[in-house]
Structure formats: C-alpha cells, structure tokens
1. For region 159-182, enumerate the residues that are of a type in the set (A, V, I, L, M, F, W, C), within 12 Å of ligand 1 (Cβ to nearest atom) and over 21 Å from Asp73 (Cβ atoms).
2. Just give me the residues in region 85-108 being of a type in the set (Phe, Trp, Tyr) and exposed (fewer than 13 other Cβ atoms within 10 Å of the Cβ), in sequence order.
3. Consider Asp48 against the criteria (1) open to solvent by less than 50 Å² (accessible area, probe 1.4 Å); (2) over 17 Å from the mean Cα position of the chain (by Cα); (3) of a type outside the set (Val, Ile, Thr): it satisfies all of them except one. Which criterion is unmet?
4. Give me a count of the residues in region 39-58 that are among the β-branched types (Val, Ile, Thr), away from ligand 1 (no atom under 16 Å from the Cβ) and not in a strand (DSSP E or B).
5. Name every residue in region 179-195 that is modelled with pLDDT of 95 or more and in a strand (DSSP E or B), in order of residue number.
6. Check region 7-26 and report whether any residue there is of a type outside the set (D, E, K, R), buried (at least 21 other Cβ atoms within 10 Å of the Cβ) and closer than 30 Å to Arg167 by Cα.
7. Which residues, counting only those in region 128-151, are open to solvent by 30 Å² or more (accessible area, probe 1.4 Å), over 14 Å from Arg113 (Cβ atoms) and in a strand (DSSP E or B)?
8. Taking the condition within 19 Å of Arg30 (Cα to Cα), open to solvent by 70 Å² or more (accessible area, probe 1.4 Å) and in a loop (DSSP other than H, G, I, E, B), does Asn61 pass?
Amino acid sequence: MQVRVHETAEVSPLAEVGAGTAVWHQAQIREGARVGEDCVIGKGAYIDLQVQIGNRVKVQNGAMVYRGVTVEDGAFIGPLACLANDRYPRAITPEGTRKIEGDWEVGRVVIRRGASIGASAVVLPDVEVGEHAMVAAGAVVSKDVPPQGLVMGNPARLVGYVCLCGRRLLEDPVGQWRCVNCGRDYRLEALPGSL
Ligand SMILES: CC(C)(COP(=O)(O)OP(=O)(O)OC[C@H]1O[C@@H](n2cnc3c(N)ncnc32)[C@H](O)[C@@H]1OP(=O)(O)O)[C@@H](O)C(=O)NCCC(=O)NCCS
Ligand SMILES: [Zn+2]
C-alpha cells in the first residue's frame, strides 16, 4: 500500500513513514521520526525529531508529539493533544542566553498499545499511559495511567476502567468487570486493583 502525503505536508527525507499511512494537510514529520504502517497523521499535526509511532495509530488534527515520545500500535492521539517533553521549560539559561541542545533534558512519554488521549489533553514528561487506557478530553496527566484506566481532570485522577471498545466498565459484586456496550468481561486480577 502506498504512503499518501498531502502536498502541503512536510515529511523530512530523514523520516520513515510506513505503507498505507496518510499524512494530511500541513502536518510535519521531522528528521529521524518513524511512523508505522496504516496510520493517519491529521491536519497540522507535529511529529518531532526521533519520535517513534507504531502501526494503525491515529494522530488527530493539531496534535503535538514531541521528541522523547513513543506511541505504540493502535493508539489514538486526540485533536490538539500535547505530549510534552520538557518538565522545567525555560527559553533562556539563568545567564540569559538562549537555551540550546544540552541545556535541557528530554523527558520520556510512552503511550502504550491501544490507549486513547482525549482532545486537548496534556501528557506531562516521564509519564506512561497504559495499554487501552483512556485519557479524558482536557485532562492534564501528571502520573502513570494503569492499563485500561480512565483518567480525567487537572490533575488527572483515576476514576474507572474502560473496555477495549472504549466504554466504561462496571464492577459486579463478585469482582468481575463488565462492559454493558459490548458484553466483554474482565477478571479483577487482570486489572490493577479496584478503585
Ligand atoms: C472521559 C469520557 C470517556 C467519559 O465518558 P462517559 O463515561 O460517557 O462519561 P459521562 O459523559 O457519563 O460523564 C461522567 C461524569 O464525568 C464528567 N466528565 C465527562 N468527561 C469529562 C472530561 N473530559 N473531563 C472532566 N470531566 C468529565 C461528566 O461531566 C460527568 O460528571 P458528573 O458525574 O459530575 O455528572 C468522555 O467524556 C471523554 O472525555 N472522551 C474523550 C472525547 C475526545 O476527546 N475525543 C477525541 C476525538 S474528537
Ligand atoms: Zn466494550
């Protein structure tokens, strides 16, 4: 399958883009970045230097994915989400000169397989969002999110767990977690504890 890159998008010749991936209007993919197969990189999205993106990932319009970020297969990055990499940002050093490479430490963000980051959410440096977790729209995520965890707010708090289909799970009295949308069941021990 072909890679489709809109004529207004800017994909560095030093970036890798996998088969079947579409890169839409004004998106930018920087040097050393790797985007896997069958992805969608939405309008105006920014994929920074050396970012690693897996297969079947959707990066929505205007999302900012900075250096130090890894996005695993099947993750969803919502519109205007920001995956940040500088915990203590400063434009200048204490001496007043412009900060350059080496004047700051790149923080790591990992978005695990199948996780979703809601619209305009911010994921702070050194945070891991677990497999199939769900970050609500507008959340500011300052701590790791467990697999299938649902987090909301600023600072984001764990408020529940979600199904692979994205809907919230309900816990029954015998500790089974069930999705009323698609009927999938999960064992409690497969999730990181009750709330
Ligand atoms: C978090 C989310 C999954 C919750 O959906 P839900 O389980 O159907 O939750 P509900 O709509 O029933 O809301 C439950 C409560 O959470 C609150 N809530 C819902 N979304 C919220 C959010 N993003 N941030 C803070 N609170 C939120 C509701 O106001 C409600 O509060 P209440 O209990 O005081 O009445 C959903 O609201 C969301 O943010 N999805 C992401 C959407 C998105 O960004 N899509 C990107 C592609 S366009
Ligand atoms: Zn479900």
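1. Initially, region 159-182 is screened for residues of a type in the set (A, V, I, L, M, F, W, C), giving 159, 162-165, 169-170, 174, 177, 179-180, 182.
Applying the additional criterion that residues be within 12 Å of ligand 1 (Cβ to nearest atom) yields 159, 162-163, 165, 169-170, 179-180.
If the condition is that a residue be of a type in the set (A, V, I, L, M, F, W, C), within 12 Å of ligand 1 (Cβ to nearest atom) and over 21 Å from Asp73 (Cβ atoms), then Val159, Leu169, Leu170, Cys179, Val180 are the ones that fit.
2. Within region 85-108, just Tyr88 meets the criteria.
3. Every condition holds for Asp48 apart from (2).
4. So the answer is 1.
5. Correct list: Cys179 only.
6. Let us first name the residues in region 7-26 that are of a type outside the set (D, E, K, R), namely 8-9, 11-15, 17-26.
Now narrow it down to the ones that are buried (at least 21 other Cβ atoms within 10 Å of the Cβ): 11, 17, 21, 23.
Okay, now just the ones that are also closer than 30 Å to Arg167 by Cα, so 21, 23.
Among the residues of region 7-26, at least one is of a type outside the set (D, E, K, R), buried (at least 21 other Cβ atoms within 10 Å of the Cβ) and closer than 30 Å to Arg167 by Cα, which makes the answer yes.
7. Across region 128-151, the qualifying residue is only Val140.
8. So Asn61 passes the test.
The values are calculated or read from the model by the stated rules, or taken from the named source; none is laboratory data. Here the structure is a predicted model, which means the values were calculated and not measured. Note that we place each Cβ from the backbone using ideal geometry, even for glycine, and neighbour counts take in every protein chain shown. We work out accessible area using only protein heavy atoms, side chains counted, and drop any ligands, DNA or RNA first. Shrake-Rupley method; radii C 1.70, N 1.55, O 1.52, S 1.80 Å.
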